[in-house]
Each structure stands twice: as structure tokens, then as C-alpha cells.
Amino acid sequence: MNSKTLLIAAAALAAGVMTSQAQVYSQNIVGYINIPLVANQNNLIANQLDLDGTGTNNTLASLFSTNLPNNTTIQAWNGTGFAADSYSTSSGWTTTVNPIINASLQPGSGFFIKTKLATTITLVGNVLVGTNNLAVPAGINVYAPTVPVAGTLDGTNSFPIANNNTVQVWNGTGYNAFSYSSSSGWNPSDPQLTVGQSVFVNVKKATNWTQVLNVQ
């Protein structure tokens, strides 16, 4: 995903000023993330802002405005395959209460989005501050940091590492593979994430992903 990130915060965040590939403007704990989408290509992204501060109530209806290109599609991983929804400029989303799709829109989860035209979507919401605990079940799932901090999955964003965990980073047409060994660390490296980017993770044992972001 090719983009640039700028975070401007009125209050100093403990994580500091973040730079990456999407544009983030934040005042206090309210943020705006601009994510450019490549046309006619699946973009694996994440919503890292929250509607009401609970981290649970983001939906297609609340997250996306009506300025999406016609025939935009979303695909969300359900554990074994994908659930899909589509947007029409004349009739809106096929459904705005798809539980699998809506679950993928919460901070810490991710989804594929595809548009017919190159466009930039703007996601609006609250930055989740404090301690955020994300339950990561065993198996393959799509995840992102719960807060919009660019950097490495492990070193910057504290992803829980364990022997033989693997990560697949979408490059637009396929995946770049990363794996972790308790004896040798990351191969080939700790995956680098931009703001608004999610990845496929495969963990051998259920765990929790804890991230802490304090406003000072």
C-alpha cells in the first residue's frame, strides 16, 4: 500500500509523532485517517479509529461515507473463507448489518476493499487510548494494531511473538511471508506496517495482543 502518514496531535502521545504511509490528522483523541486505494485491486486495510470509544460499534453504515465509487466491494475473513458485501451509489451497501463484515471493521481487525476507481477514503473516529487487549485465536486471522502507529509489527506494535507464528503481508497481488522462530527471531525481518494496514497472522496458540497508548 503506497501512501504517506502524518500525525499531528494537540496532546503529546506517549508513542510520539508517527510517520507512515497514510495521512492521519489527530486533535486530542479524535482522528482522521486518509487511505489511498489502488483501483481494481484488493487493498488490505484496517480501521484504527473507533466510533464511540468502546472499540465495538463500528459498522459499514457508521464507518464509510457515501462518497465511495460505485461497485466498491469489501471482503472479510471468517476463519475459513471470505464474506463479501458491495456498495452501489444508487442503493448503498447490500447490507449494513453483516456481522462478519462489521466485526472486521473494529480497531485491531482488517479487511479487503476494492474500488473500480483510484480513490482515497477517509476514516474518522476516536483513537483508543490506555491499555487495549485484543484476543487473538489460534489459526489464520486478519489483524492490525488497535492504534494508528506505524512501524514494525513486533518491535513497534508489541505483537505477541511465539515460535512458528507466521505473517502474510499483502503486496497488492500476493503475499510476502514472514515467520518467527524462538531461536533465530524474524525471517526475513520484523514485518513493517503502515497506518491503516492489516495483515494475515497465523498463531499456533490463542493469545492476547496488548497495546498501550497514553495521552500526556
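THR115 satisfies every condition listed in (1) of a type in the set (Ser, Thr, Tyr); (2) under 24 Å from LYS205 (Cα atoms); (3) in contact (Cβ under 8 Å) with a residue 60 or more places away in the chain except (2). When ALA138 is tested against (1) under 27 Å from LYS114 (Cα atoms); (2) touching a residue at least 40 places away in the same chain (Cβ under 8 Å); (3) not aromatic (Phe, Trp, Tyr), only condition (1) is not met.
Given the criterion over 13 Å from the mean Cα position of the chain (by Cα), in contact (Cβ under 8 Å) with a residue 40 or more places away in the chain, farther than 18 Å from THR146 by Cα and surrounded by 13 or more Cβ atoms within 10 Å (Cβ to Cβ), identify the matching residue among LEU37, LEU51.
Numbers: LEU51 fails: farther than 18 Å from THR146 by Cα.
Only one candidate passes the filter, namely LEU37.
Pull up segment 70-112, narrow it to residues that are touching a residue at least 60 places away in the same chain (Cβ under 8 Å) and either of a type in the set (Asp, Glu) or in a loop (DSSP other than H, G, I, E, B) (or both), then point me to the one that is farthest from THR146 (Cα to Cα). If we take residues in segment 70-112 being touching a residue at least 60 places away in the same chain (Cβ under 8 Å) and either of a type in the set (Asp, Glu) or in a loop (DSSP other than H, G, I, E, B) (or both), then GLY79 is farthest from THR146 (Cα to Cα).
Within segment 11-30, if we keep just the residues that are in contact with a strand residue (DSSP E or B) (Cβ under 9 Å, 6 or more places away or on another chain), part of a strand (DSSP E or B) and over 15 Å from THR194 (Cβ atoms), the residue that is modelled with the lowest pLDDT turns out to be LEU13.
Against the criterion of being aliphatic (A, V, I, L, M), surrounded by fewer than 13 Cβ atoms within 10 Å (Cβ to Cβ) and more than 28 Å from ASN208 (Cβ to Cβ), ALA84 does not qualify. Out of SER183, SER198, SER158, one residue alone is hydroxyl-bearing (Ser, Thr, Tyr) and surrounded by fewer than 15 Cβ atoms within 10 Å (Cβ to Cβ). It is SER183. Only one of the numbered conditions (1) buried (at least 16 other Cβ atoms within 10 Å of the Cβ); (2) over 18 Å from the mean Cα position of the chain (by Cα) is violated by TRP170, and that is (2).
The values are calculated or read from the model by the stated rules, or taken from the named source; none is laboratory data. As the structure is a prediction and not an experimental result, all values here were calculated from the model. Backbone-built Cβ (ideal geometry, glycine too); neighbour counts: all protein chains shown.
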